[in-house]
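Remarks on the structure that follows.
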Amino acid sequence: MSARSDTGLAKPGARAINRATIVDRNFLDFLDSWDEPVEAPADPDAAMRPGSALTGRVFLELFRYQIQSRHLDLVAREMRARNEGFYTIGSSGHEGNVALGFLTRGDDPAFLHYRSGAFMMARGAKDPAADPVYDTALSLAASAEDPISGGRHKVWGNRKLWVPPQTSTIASHLPKAVGAAIALEQARRIRVATPVSEDAIVICSFGDASANHSAAAGALNAAQWTSFQGLPAPILFVCEDNGLGISVKTPRGWIEADFRQRAGLDYFKTDGLDLVDCFDVARQAIAHCRATRRPGFLHLDLRRLLGHAGTDVETDYLGLAEVESTEACDPLLLSAEAALEAGLLDVEGVRSLYEGIREQARDAARRAARTPRLSTREQVVAPLAPYHADRVNKEAARPPSPEARLRAFGDETRLPENGPPRHLSLLINRALHDLMIKYPQMTVFGEDVAQKGGVYTVTSGLARSFKGNRVFNTLLDETTILGMAQGQATMGLLPFPEIQYLAYFHNACDQIRGEAASLQFFSNGQFSNPMVMRIASLGYQKGFGGHFHNDNSFTALRDIPGLVIACPSRGDDAAMMLRTCAALAQVDGRVVAFMEPIALYMTKDLYAEKDGRWQFPYPAPDSFVPLGEPRLYHEDARDLLVITYGNGVPMSLRTAGRLESVTGKRACVMDLRWLKPLNVKAIAEYAGRFDRVLVVDEGRRTGGISEEIFTALDEHAAHGLQKSRVTGADTFIPLGEAANLVLLSEDEIFEAATALLESTAG
């Protein structure tokens, strides 16, 4: 009896029927109704079909992994019913991906779709010390002993076997997978050893619905764009096409029509329900990708069983006949049929295998439910933001090789510390040169950063000084840029991506929020994405460019757990802070946003035209600014403390001078320099020396950092402190002189300071 044609099942129609029970019963009923005699036992080393590379022995191994994945899905629902498990999105119907888990190597990085249970059973078997069934049960139970996330999420992942956990929005893992594939070749070109084999390839799986996501479109485009130019991008995209995005159907034939003829992308298609065909086509696709170093697209035609998750009732949006037809195409039924027809197992052999694995999965679930879970806030957040201050500071203070500096800069007289004081842009440029000398694995990339040197020439000369693809231009796509950064970090590089304007970062925020900054958390510190993301930021460009070139809101950055935000206002600080940022990434794997105030890039003067008071000498190569340390101006003043950052620093200094000349009162100005994590201790300590504090925040009134500073003052500063704040307006920035109507002005700072000094304690 053919498994595809008829299952001999009863046809229950009630909405409340448990489809998991039915699918399980289907398999057992299929065995009960099998009436074809088994001939003499088959040779397990013979091919399953003429011309196939899949032997019977390997087939049975893959079948075992498929059954393990299925029973983990069933057990997940049993655990949920007992309140012992917390995740029921399963892999049922997608068990054909077992071929990829088996055929790829243990150091082929795999960025996986959430329906990758069979893949993980096969990949996990490559580590004799691992127990992928029990490991999955631990993850389902949110156990603190879960070997990948430590109980923080149900994820597929394995550090030893190169499966970084994916936890965020659909398709958001594709850009970093592409970045990792391109970085494999880039690391070789710049002679940096990768942590994987030289001929490794990247596997990236996703669903047919996810293929329509903008992150997927950008990632696929980046891989094709790279391949079209003859550059290596060894990634195999695996589209697991079950025809549904939860309840929304993918048009029949859409994936093949869209991807079969794409430039720079090699297309392969297989019946993902047929384990033999799936194995052979996957083998061909993997070998082709490994040999050619080109991106491939493996289209697996699959079915989804058991709904999207345990709470999903498919009959709300699919007819019962359609659901039953899909269940009749269960890949486990088809694999069992193939094993029986080939004489590899008899009915009792299949039943014994199936029930034995069921008990293995249930036993794993029972044991996992008895293990401890995270029980304190400290346990939960422990891997989020590692910071080893002594090691970071030592690394930040480590100078580049003097000989290498002389080779790069030319001679002693051209070393930047021997030159005259310079403005912010030029000192950032010199600091980047020094860091490129210090870190041979460091790369700088983004839109226009190479020959042009960036929109504001901040990266000018880097491409000339550091050849071999260490400084390069990218596609005009911020998602691709930040995905590239993550991929490079995965492959052992130290990426310094540039985002042209702060407003452009918001196009790709999820690459940092959902991916880069979350990886240490969801991998329990086993994976990280070290990078320093440079962003031309903030306003005051004299009306030029409107909102997209004068974005004064970085609230989205502040809301990302674990992210470090640095914002220098002067060149020497910028150079020293960049050294700390690089050390944070290098030592602790941290993700850093380095916000560079555009309006201060070329600023030379402070109080009067041509006074040169906002130019500074290049700091010695072994100097740095520790994370969180502010800079104080007029530290001996005691009438007023002004807390600010970025453009607010020179504005507040000019206001302080005006204030003293008009009122005789003196203000101390604190430049925070580090905006996340906010140094609450320093704020409270310095505020305690004053009766009055003014916060100058060039950001918006709502969501700006002044709110956090006020909270810090309320919670930690002396009682009775009088405070006030001045901010930008809650609006986008218009074009031309109208911008000055909504940006914070020096007059507003002066008026607020005067009013605060004239006030009396309430």
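The values are calculated or read from the model by the stated rules, or taken from the named source; none is laboratory data. Small disclaimer: the values here were computed from a predicted structure and weren't measured. Every residue, glycine as well, gets a Cβ built from its backbone with ideal geometry; the counts of neighbours run over all protein chains shown.
Scoring N429 on the criteria (1) part of a helix (DSSP H, G or I); (2) surrounded by fewer than 16 Cβ atoms within 10 Å (Cβ to Cβ) leaves a single failure, condition (2).
Applying the set (1) touching a residue at least 60 places away in the same chain (Cβ under 8 Å); (2) in the same structural domain as E36 (by TED's automatic domain parsing); (3) not polar (S, T, N, Q) to G356 leaves exactly one unmet item: (1).
Confirm whether P440 is assigned to a loop (DSSP other than H, G, I, E, B), closer than 14 Å to P619 by Cβ, out of contact with any Ser or Thr (no Cβ under 8 Å at 6 or more places or on another chain) and not assigned by TED's automatic domain parsing to the domain that holds A183. Here the answer is no, as P440 does not meet what is asked. Taking segment 405-426 as the range and being in a helix (DSSP H, G or I) and within 12 Å of P621 (Cα to Cα) as the test, the residues that pass are R405, P416, E417, N418.
May I ask you to verify whether R700 is among the charged types (D, E, K, R), under 23 Å from F544 (Cα atoms), touching a residue at least 40 places away in the same chain (Cβ under 8 Å) and surrounded by 18 or more Cβ atoms within 10 Å (Cβ to Cβ)? Yes, satisfied.
On inspection, T457 passes the criterion of being touching a Ser or Thr at 6+ places or on another chain (Cβ under 7 Å), on the phi > 0 side of the Ramachandran plot and hydroxyl-bearing (S, T, Y).
If you go through segment 254-277 and keep only what is without any contact (Cβ under 8 Å) to a residue 12 or more places away in the chain and within 23 Å of D330 (Cβ to Cβ), you end up with just D277. Please note which helices (runs of 4 or more DSSP H) are completely contained in segment 482-582 and include at least 1 residues that are touching a residue at least 60 places away in the same chain (Cβ under 8 Å) and more than 30 Å from K604 (Cα to Cα). The qualifying helices (runs of 4 or more DSSP H) are 519-522. When P399 is tested against the conditions (1) assigned to a helix (DSSP H, G or I); (2) farther than 30 Å from L174 by Cβ, the lone failure is (1).
Yes/no per residue for (1) buried (at least 24 other Cβ atoms within 10 Å of the Cβ); (2) outside any helix (DSSP H, G or I); (3) at pLDDT 95 or above:
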residue	(1), (2), (3)
L74	no, no, yes
E78	no, no, yes
Y87	no, yes, no
D107	no, yes, yes
A122	yes, no, yes
R152	yes, yes, yes
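Note on segment 528-549: among residues that are buried (at least 20 other Cβ atoms within 10 Å of the Cβ) and over 19 Å from C567 (Cβ atoms), the one that is nearest to the chain's Cα centre (by Cα) is N529.
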